[in-house]
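The values are calculated or read from the model by the stated rules, or taken from the named source; none is laboratory data. Just so it is clear, the model here is predicted, and its values are computed rather than measured. No Cβ is skipped: glycine too gets one built from the backbone with ideal geometry, and neighbour counts run over all protein chains shown. The accessibility values were calculated without ligands, DNA or RNA, using every heavy atom of the protein model including side chains. Shrake-Rupley method; radii C 1.70, N 1.55, O 1.52, S 1.80 Å.
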Amino acid sequence: MNNTETWQQALADLITDPGELLSLLELDPALYQEAMQAVQSFPLKVPRGYVKRMQKGNLHDPLLQQVLPLGLELIQVPGYDLDPLHESETNPVPGLLHKYHGRVLITLTSACAIHCRFCFRRHFPYDENNPGKRGWEKIFAYLAKDPSISEVILSGGDPLAVSDHLLQSFTQQLTLIPHIKRLRIHTRLPIVLPERITPSLLDWLTHLTLEPVIVVHTNHPQEINEEVEAALSLLKRASIHVLNQSVLLKGVNDEALILALLSEKLFAAGVLPYYLHLLDKVQGAAHFDLLHERAQTLHRELSAMLPGYLVPRLVCEEAGRPGKVLV
Ligand SMILES: *Cc1c(COP(=O)(O)O)cnc(C)c1O
Ligand code: SF4
């Protein structure tokens, strides 16, 4: 079996049944009912290899907390919306968001390998907004007529959930637009399904005429096991820039020591911290949120523990602003 089959099989074999997740982790089956309610609006999805990094019997495991559907998600909290970033307003072509100068965000797929319960895209109408290969023409036409765009960002869904072949054919066409210089890939796959970093993917990355940048998404040091370290070091050896973004989450990583350890572990694997995002106020995720003051205190503590280059920028997103906002 080659690597390609391995990652695609793992992607086809995600855990989607809350009952199976609870039983694998030896958790109280009484949690099943509320989980089944929560998955109605946002299904459970988690790779088996990621579940293996969780501690059995621990409901508060920081990895489990990121994926376990809870009844709490059903509570409607004022101020937490379906489209917190008003993305539907900055969406000139299906599958393309153009909010900031010089860079556009493109979703090649609506699929992710994992469903993070705090995700701000949990209610985004992906299916209406999934360009598919036929929508590419409009995307390329939009990019070609705006020479101010120098960077294309592939983002969530997870761009690495698609085949190498599809990535190749996308970038072949992208390369024809001379003002596009960089290709940024926002992905959680190297962390949650490290098998995805195959020789063929590395071959594509290293032969791009665009400068590639990968931004992974890790929230807790326990997510980084040996397989993840190996996958990240392959990227490093291929001289790919790899950055990390995290989301600050109550009950997962809201301690300076945890965040410091995360930065250290990432750096050892060749990854620099980029952003620490405040939660986007999406309906169903209010229980992960922290007060701004608490976030700022944590960030100050973190800055006192680490060299400057290991401290991620604490940011939030506000609709209508020209970039992420420093907190
Ligand atoms: C976050 C985001 C970007 C990238 O912002 P950077 O500060 O360059 O990382 C680009 N486009 C959209 C729509 C975004 O949400
Ligand atoms: S887009 Fe990113 S944060 Fe959202 S569910 Fe997918 S992997 Fe998780």
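Among the residues of region 246-270, those that are touching a strand residue (DSSP E or B) at 6+ places or on another chain (Cβ under 8 Å) and buried (at least 20 other Cβ atoms within 10 Å of the Cβ) comprise Ser246, Val247, Leu248, Asn253, Leu259, Leu262, Ser263, Leu266.
Whether any residue in region 17-37 is open to solvent by 70 Å² or more (accessible area, probe 1.4 Å) and among the aliphatic types (A, V, I, L, M) is what I want to check. Yes, region 17-37 contains a residue that is open to solvent by 70 Å² or more (accessible area, probe 1.4 Å) and among the aliphatic types (A, V, I, L, M).
Criterion first (in contact (Cβ under 8 Å) with a residue 40 or more places away in the chain and either away from ligand 2 (no atom under 16 Å from the Cβ) or touching an Asp or Glu at 6+ places or on another chain (Cβ under 6 Å) (or both)) does Ala260 satisfy it? Taking the combined requirement at face value, the residue satisfies it.
Considered as a group, the residues in region 284-313 that are of a type in the set (Asp, Glu) and touching a residue at least 24 places away in the same chain (Cβ under 8 Å) include one that is nearest to Ala35 (Cα to Cα), and that residue is Asp289.
Considering only region 65-94, state which residues are in a loop (DSSP other than H, G, I, E, B) and within 12 Å of ligand 1 (Cβ to nearest atom). Of everything in region 65-94, those that are in a loop (DSSP other than H, G, I, E, B) and within 12 Å of ligand 1 (Cβ to nearest atom) turn out to be Pro84, Leu85, His86, Thr90, Asn91, Pro92. Tell me whether region 303-318 contains one or more residues that are closer than 16 Å to Val213 by Cα and open to solvent by less than 40 Å² (accessible area, probe 1.4 Å). Within region 303-318, none of the residues are closer than 16 Å to Val213 by Cα and open to solvent by less than 40 Å² (accessible area, probe 1.4 Å).
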